[in-house]
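K.L.:
Here you go, one structure.
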Amino acid sequence: MNEISAIPSGATTPENEEGTLPHHTEAEQQLLGAILTNNDVYDRVAQIIKPEHFYEPVHARIFEIAAQRISKNALASPVTLKAFMEDDEASRNWAVRPIWPVWRGCDQLLRRARLCADDL
């Protein structure tokens, strides 16, 4: 019952009427906030969550960069990732929505993350 199993990468998920897969952007933000507040959280979810599991491309990219830094025993925080995101070629290609509004809301995200991290 308490076993954690990986989500198969080729798994099919039922689509809703509009043809998009179910998603929860706030949950993605809370997970990223928890990881960026306490990098030990990444170790708990690294075997289960992969960048392709994120609905928002910017969230997937943040997760990728954080994972790279944490695997090198470097700090992954909003401050350290911001520098990487500014220079990141992939983040410049997002025409749908710029990343910086996501970072401006980081204070609220960090507050939520701290609450989530306390529950872990």
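Nothing in this text is a laboratory measurement; each read-out follows from the coordinates by a stated rule. Values in this document were obtained by computation on a predicted structure and should not be read as measured data. A quick note on method: Cβ atoms are made from the backbone with ideal geometry, for glycine too, and the neighbour counts reach across all protein chains shown.
K.L.:
Multiply the residue separation of Lys82 and Gln47 by 0.36 nm, subtract the distance between their alpha-carbon atoms, and state the gained length in nm to one decimal. Provide the component values of the computation, followed by the final result.
P.N.:
On the way: separation 35, 0.36 × 35 = 12.60 nm, distance 2.49 nm.
So the chain would gain 10.1 nm between Lys82 and Gln47.
K.L.:
Excluding Asp43 itself, what net charge comes from residues whose Cβ is under 15 Å from its Cβ, given Lys and Arg +1 and Asp and Glu -1?
P.N.:
+3
K.L.:
Please go through segment 25-83 and write out the chymotrypsin sites (Phe, Trp or Tyr not before Pro) that DSSP classes as loop and that have at most 12 other C-beta atoms within 10 Å. Walk me through the numbers on the way to the answer.
P.N.:
Numbers: sites: Tyr42, Phe54, Tyr55, Phe63; in loops: Phe54, Tyr55.
Answer in residue order: no site qualifies.
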